[in-house]
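Quick notes on the structure that follows.
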Amino acid sequence: MTYSGDVTPGGAPAVRELDRLTITKLSVGPMDNNAYRLRCRSTGEQVLVDAANEAPRLLELVGDGGLAAVVTTHQHMDHWVALEEVVAKTGARPLVHADDAAGLPIEAETLSDGDTVAVGDCALEVIHLRGHTPGSIALLYRDPAGTPHLFTGDSLFPGGVGNTDRDPERFGQLIDDVEHRLFDRLPDDTWFYPGHGGDSTLGAERPSLPQWRARGW
């Protein structure tokens, strides 16, 4: 089945098989949050991006393969409701950007811009995107056999950047970081996976950047 990225709360996950990495996307309620299980195809090591909610479903998704780490893309509660239980039951390392660490319910190892998170033989690059929260991050996987894949949390969605509460300073930070650290660095075929809703590509969104900047949100 062709991967579309369309998932619904309570529904089946969507699975995308890359050459070295398997991406499994699951939507959890009640806020239609996306959680992503990343599995290295050569070693079997797994990492979870955002233990958002519904810990039993996330643990079922992890299965018996163990979990190396849980990366939280930012400190907002709807992205970490299941974090404490998932970490307790799997022994996974909790990871978050240093500027958002205080907002989590458990102590976590901290990340900085440019760090890498290993998923077996695969690597995720940490990209700091200020504005939605002080420590929001995206995770970049550069597929050696294909296009880049980008997990953007709530910093970038199809149709715009994340919520900055109409704060001009925060919006300026976020639109600048998204433009310069994502769109200026990565090609149009980069596929991105947001914290809620459907996926898109940078190429599909790139023409709208001036409109986003002009409208201020």
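Just so you know, all these numbers are worked out from the coordinates, no wet-lab data involved. Everything quoted here is computed from the prediction, not taken from an experiment. Cβ coordinates were reconstructed from backbone atoms using ideal geometry, including for glycine residues, and neighbour counts include every protein chain displayed.
Just name the residue that is surrounded by the fewest Cβ atoms within 10 Å (Cβ to Cβ) out of those in region 3-17 that are under 23 Å from residue 119 (Cβ atoms) and more than 17 Å from the chain's Cα centre (by Cα). Here the answer is 12. Of all the criteria given as (1) surrounded by 17 or more Cβ atoms within 10 Å (Cβ to Cβ); (2) farther than 19 Å from residue 17 by Cα, the one not satisfied by residue 124 is (2). Of the residues making up region 103-132, those that are touching a residue at least 24 places away in the same chain (Cβ under 8 Å), closer than 17 Å to residue 70 by Cβ and either assigned to a loop (DSSP other than H, G, I, E, B) or of a type in the set (A, V, I, L, M, F, W, C) (or both) are 104, 105, 108, 111, 117, 118, 119, 120, 122, 124, 126.
Pairs linking a residue in region 198-217 that is free of Cβ contacts under 8 Å to residues at least 60 places away in the same chain to a residue that is surrounded by 14 or more Cβ atoms within 10 Å (Cβ to Cβ) and of a type in the set (Ser, Thr, Tyr), with Cβ atoms under 8 Å and 6 or more positions apart or on different chains, are 201/190; 202/190; 203/190; 217/164. Residue check: residue 2 meets all listed conditions (1) part of a loop (DSSP other than H, G, I, E, B); (2) within 29 Å of residue 165 (Cβ to Cβ) but one, namely (2). Mind listing whichever residues of region 176-204 are touching a Leu at 6+ places or on another chain (Cβ under 8 Å) and assigned to a helix (DSSP H, G or I)? Passing the criteria: 177, 178, 179, 181, 182, 183, 202.
Conditions tested, residue by residue: (1) crowded, with 21+ Cβ neighbours inside 10 Å; (2) in contact with a Pro (Cβ under 7 Å, 6 or more places away or on another chain); (3) part of a helix (DSSP H, G or I); (4) small (Gly, Ala, Ser).
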site	(1), (2), (3), (4)
26	yes, yes, no, no
31	no, no, no, no
48	yes, no, no, no
57	no, no, yes, no
60	no, no, yes, no
64	no, no, yes, no
73	yes, no, no, no
85	no, no, yes, no
94	yes, no, no, no
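Of the residues 152, 116, the single one that is surrounded by fewer than 15 Cβ atoms within 10 Å (Cβ to Cβ) and β-branched (Val, Ile, Thr) is 116.
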